[in-house]
1. Any residue in the stretch 323-331 that is in contact (Cβ under 8 Å) with a residue 12 or more places away in the chain, open to solvent by 10 Å² or more (accessible area, probe 1.4 Å), part of a helix (DSSP H, G or I) and within 23 Å of residue 217 (Cα to Cα)?
2. Being among the polar types (S, T, N, Q) and more than 16 Å from residue 400 (Cβ to Cβ) is the filter; apply it to the stretch 364-380 and report the residue that is least open to solvent (accessible area, probe 1.4 Å).
3. Residue 344 fails exactly one of the following numbered conditions: (1) modelled with pLDDT under 80; (2) within 24 Å of residue 382 (Cα to Cα); (3) open to solvent by less than 80 Å² (accessible area, probe 1.4 Å). What is the number of that condition?
4. Which pairs do you get when a residue that is under 14 Å from residue 420 (Cβ atoms), found in the stretch 394-406, comes within reach of a residue that is of a type outside the set (S, T, N, Q) and open to solvent by 30 Å² or more (accessible area, probe 1.4 Å), reach meaning Cβ atoms under 8 angstrom, with the pair 6+ apart or on two chains?
5. Which one is farthest from residue 355 (Cα to Cα) among residues in the stretch 262-284 that are open to solvent by 30 Å² or more (accessible area, probe 1.4 Å) and assigned to a helix (DSSP H, G or I)?
6. Could you please tell me which pairs satisfy a Cβ distance under 7 Å, a separation of 6+ or placement on different chains, a first residue in the stretch 158-177 that is within 19 Å of residue 122 (Cα to Cα) and surrounded by fewer than 19 Cβ atoms within 10 Å (Cβ to Cβ), and a second residue that is among the charged types (D, E, K, R) and at pLDDT 95 or above?
7. When both residues are 6+ apart or on different chains and their Cβ atoms are under 6 Å apart, which pairs have a first residue that lies in the stretch 75-90 and is over 16 Å from residue 378 (Cα atoms), and a second that is surrounded by fewer than 19 Cβ atoms within 10 Å (Cβ to Cβ) and of a type in the set (S, T, N, Q)?
8. List the residue pairs whose Cβ atoms are under 8 Å apart, where the first residue sits in the stretch 201-227 and is under 23 Å from residue 481 (Cβ atoms), the second is modelled with pLDDT under 75 and open to solvent by 40 Å² or more (accessible area, probe 1.4 Å), and the two are 6 or more positions apart or on different chains.
Amino acid sequence: MEAALIGFPLKPSLLNPFPRGFTSSAPGRRDLLKLAAVAPKNSILVSKDHLDDGVGQENEKEELSRETYNALIQSHCAKGRLERSLHLLSRMEAAGMHPSTACYARLVYALGRTGRTLEADAVFREMKWSGHRLTSREYNALLGGFLRKGQLLMADRLLVEMGKEGIDRNRETYLLLLDSYVHSGRLEDTWWVLGEMKEKGFWLDSFVYSKIIRLYRDNGMWKKAMSLVVEMHELGIEPDVRMYNGMIDTFGKYGQLDEAVKLFEKMQSTGLKPDIMTWNALIRWHCKAGDLKHALGFFAKMQEAGLYPDPKIFVNIINRLGERGRWDEMKKLFEGMKYRGLRESGIIYSILVDIYGQYGTFHNAEECVAALKAEGMQVSASIYCVLANAYAQQGLCEQTLRVLQLMEADGIEPNLIMLNLLMNAFGIAGRHFEAMAVFEHIKESGISPDVVTYCTLMKAFMRGKKYEQVPIIYKEMEHAGCTPDRKAREMLHNASIICEQRGGFSANSKTFLRSGNQ
């Protein structure tokens with residue numbers, strides 16, 4: 001495996017507007033991955049009772065006013081009918097009219113939210129060329145789309161453009177960057193954002209601190225994360241639900257479950273109401289520790305609080321119950337959800353159980369999605385991710401890939417999370433060449449791999465016993481600006497030991513490994 005190791009500065013500058021480097025793909029590997037090019041469906045539902053959104057009015061042959069066009073486009077964007085919005089935009093322009101700035105921005109934001117960033121960028125350029133005076137609000141709408149999809153190179157170019165146009169980055173700009181860098185494990189970039197925020201006098205509230213805690217947690221600095229609580233108290237910042245969630249998750253990740261539960265109780269004593277993230281953390285880490293009794297207890301309490309269980313967390317419970325053969329208990333959980341009126345969640349979970357092999361009903365991704373739609377559910381990007389993860393955990397590569405194709409057919413572009421899941425499916429199945437092909441596809445798509453991407457690829461090569469490739473991936477991860485986490489360091493260490501025993505490293509590789517383990 002050839003990997004070009006290209007460094008880049010931590011922040012964009014006018015002298016170097018394209019700071020992030022990407023390696024080119026080997027043509028041989030590119031053909032290993034074939035994502036189906038299925039055109040998005042135009043699903044237009046026209047109701048007789050259309051006074052709320054004007055669907056009937058826009059289907060008439062009469063001319064519409066500029067104000068009506070603006071209202072209809074924004075209405076369809078709010079309801080996820082992007083094809084209708086784009087159709088109205090083309091009709092409006094054909095009539096010699098242009099949308100308002102707010103209408104353009106709403107469309108850019110909606111397209112970015114669904115991963116359709118190329119179309120979002122095209123609409124943004126059209127808005128700019130039409131003579132609209134743009135502010136940081138419009139730039140942030142496009143920036144958020146690039147960052148959510150992991151297109152950091154495009155995001156950096158947009159930041160440079162903002163500077164050239166004399167548009168200052170506001171607090172929302174930095175929060176978007178902070179959230180993206182923390183999520184992708186970019187420690188140095190995160191510190192740069194925090195430094196910029198402090199220099200410009202932006203207030204660091206509990207939301208910002210919760211992000212820092214998450215980053216410290218993921219990099220093994222959980223004690224330092226806890227010290228931030230003291231700093232917050234000294235600054236007079238009261239912890240909110242997000243802050244407590246970050247601390248509970250941190251304690252859970254490092255096996256301090258008693259401390260996590262105490263913090264949970266303290267949170268409730270202050271009058272704060274646990275949200276879905278609070279329950280997710282408590283259930284996830286108790287499951288991982290094998291404490292299924294307490295995990296199921298928190299699961300029941302969450303439902304009593306009127307919250308829908310998270311399908312991603314439910315996968316952990318399925319794993320544990322399945323390992324112990326406690327399927328009767330699973331049936332009781334379903335009955336309990338139906339009794340509480342959580343019918344839609346029950347449908348998703350029933351399908352997940354089938355995927356995990358107890359009944360064998362939904363081994364076909366198309367049948368699974370069709371069953372959800374037959375129940376009247378709108379299959380969102382998050383549900384597609386849950387289904388893809390369920391298949392990926394079993395190494396069902398073709399079904400995982402099929403979920404991505406069905407997602408594309410519904411007009412939702414696969415994001416980095418979905419592609420990471422596909423790579424993981426190939427890795428579990430021992431097909432490291434296909435995992436590498438997904439990795440190359442990610443880079444060819446203009447998406448910046450994150451820590452999860454690199455760790456998943458390292459794991460795939462470890463499973464394929466290609467240990468000599470692990471340090472190459474590790475070094476590329478560092479040069480891409482991602483801070484290796486504990487799992488990555490452990491895999492590097494294990495690969496180094498095996499290769500040392502085999503005598504498979506050159507002198508330069510050994511020098512790198514010694515420096516990487518320091």
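The values are calculated or read from the model by the stated rules, or taken from the named source; none is laboratory data. Computed from a predicted model, the values in this text were never measured in an experiment. All Cβ positions, even for glycine, are placed from backbone atoms using ideal geometry, and neighbour counts span all protein chains on display. The protein model used for the area step is the full one, side chains on, heavy atoms only, and it has no ligands, DNA or RNA in it. Shrake-Rupley method; radii C 1.70, N 1.55, O 1.52, S 1.80 Å.
1. No: the stretch 323-331 contains no residue that is in contact (Cβ under 8 Å) with a residue 12 or more places away in the chain, open to solvent by 10 Å² or more (accessible area, probe 1.4 Å), part of a helix (DSSP H, G or I) and within 23 Å of residue 217 (Cα to Cα).
2. 380
3. Just one mismatch for residue 344, condition (3).
4. 397/429; 397/431; 397/434; 401/35; 404/35
5. The qualifying residue farthest from residue 355 (Cα to Cα) is 269.
6. So the pair list comes out empty.
7. Matching pairs, first to second residue: 83/42.
8. Going by the 8 Å Cβ cut-off, the qualifying pairs are 216/222.
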